[in-house]
Amino acid sequence: MSGSALDTYLEAIYVLHSEGEQVLSSRVADYLGVSRPTVSQTLQRLVGQGYVEVSDTRELVLTEEGRKRAEAIIRKHRLLERWLTDVLGLDWADAHVEAARLEGSISPLVESKLNEMLNHPATCPHGNVIPGNGHAVPKGVGLDEAPPNTPLEVIRIVEVAEEDLELLRFFHRTGLVPGETVQVNEPEPYAAGVTVTVRGQTLSLDPAVAHRVQVRPKSMRQTA
């Protein structure tokens with residue numbers, strides 16, 4: 001298995017852990033869309049190479065070396081997404097796919113110059129922090145947990161949502177993007193979804209989808 005394939009697994013473990021999920025091999029398989037036997041074989045390699053440890057509860061934990069390698073590839077990916085959207089004008093989904101193709105080919109020199117050209121961005125287009133640029137993860141709650149009838153600022157789309165390309169396109173198209181102002185409407189009796197207003201339109205979201213959009217009250221705006 002190539003280094004880039006191993007990096008995909010390290011990136012998945014890093015992302016799932018950063019979103020507060022219990023990182024089991026079955027969850028990694030679901031996230032990557034591969035079979036459980038395939039994940040088990042790859043994890044054995046990652047453990048053998050000193051990048052991953054398995055806890056007593058079978059949870060996958062990155063070692064220090066594993067974390068550094070994962071952050072290095074995620075940094076390249078998010079910088080590329082920023083460049084592909086801000087400079088080349090790709091939509092979120094296409095930028096995500098193309099960044100995954102390019103990230104393994106970017107040298108440290110090109111990465112440094114790209115970061116400089118983009119003025120050391122804090123986040124990728126979806127609001128997730130770029131490792132190494134000195135910014136903290138912004139604190140927020142999902143739209144499904146946000147107070148109604150309050151102006152809210154979208155701060156990020158949770159990273160696990162990025163593997164659903166159609167969902168990324170939906171967020172981008174409808175304006176559920178970082179920096180946009182949204183409002184959760186008072187729920188109607190027996191309503192099953194979360195109704196939000198953004199850019200003058202009203203959207204009814206499945207609670208699981210709404211949870212992937214992190215927001216905070218406009219009054220709490222701060223540097224991410």
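The values are calculated or read from the model by the stated rules, or taken from the named source; none is laboratory data. A quick note: this is a predicted structure, and the numbers were derived from the prediction, not measured. Positions of Cβ are backbone-derived with ideal geometry, glycine not excepted, and every protein chain shown enters the neighbour counts. Ligands, DNA and RNA are stripped out before the accessible areas are found, and what is left, the full protein with its side chains, is counted by its heavy atoms. Shrake-Rupley method; radii C 1.70, N 1.55, O 1.52, S 1.80 Å.
One table, with the values for the structure above:
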read-out	value
Some residue of the stretch 212-221 being touching a strand residue (DSSP E or B) at 6+ places or on another chain (Cβ under 6 Å), small (Gly, Ala, Ser) and either open to solvent by 10 Å² or more (accessible area, probe 1.4 Å) or in contact (Cβ under 8 Å) with a residue 40 or more places away in the chain (or both)	no
All helices (runs of 4 or more DSSP H) inside the stretch 73-184 with 1 or more residues being closer than 26 Å to Asp206 by Cα and open to solvent by 20 Å² or more (accessible area, probe 1.4 Å)	92-102, 165-174
Among the residues listed as Thr63, Thr57, the single one being more than 14 Å from the chain's Cα centre (by Cα) and open to solvent by 60 Å² or more (accessible area, probe 1.4 Å)	Thr57
Within the stretch 185-216, considering residues that are in a helix (DSSP H, G or I) and small (Gly, Ala, Ser), the one modelled with the lowest pLDDT	Ala208
Residue count for the stretch 9-26, restricted to those that are under 26 Å from Gly127 (Cβ atoms) and modelled with pLDDT of 90 or more	10
Pair list, Cβ < 8 Å and 6+ apart or interchain, from the stretch 136-163 residues that are without any contact (Cβ under 8 Å) to a residue 60 or more places away in the chain and over 16 Å from Val196 (Cα atoms) to residues that are open to solvent by 10 Å² or more (accessible area, probe 1.4 Å) and basic (Lys, Arg)	Ala161/Arg212
Pairs where the first residue, in the stretch 66-84, is farther than 15 Å from Ser4 by Cβ and without any contact (Cβ under 8 Å) to a residue 24 or more places away in the chain and the second is in a helix (DSSP H, G or I) and open to solvent by 40 Å² or more (accessible area, probe 1.4 Å), C-beta under 7 Å, 6+ apart	Leu84/Glu98
Qualifying residue in the stretch 35-52 (condition: open to solvent by 50 Å² or more (accessible area, probe 1.4 Å), part of a loop (DSSP other than H, G, I, E, B) and modelled with pLDDT of 90 or more)	yes
Every residue from the stretch 173-206 that is more than 20 Å from the chain's Cα centre (by Cα), farther than 19 Å from Lys218 by Cβ and charged (D, E, K, R)	Glu188
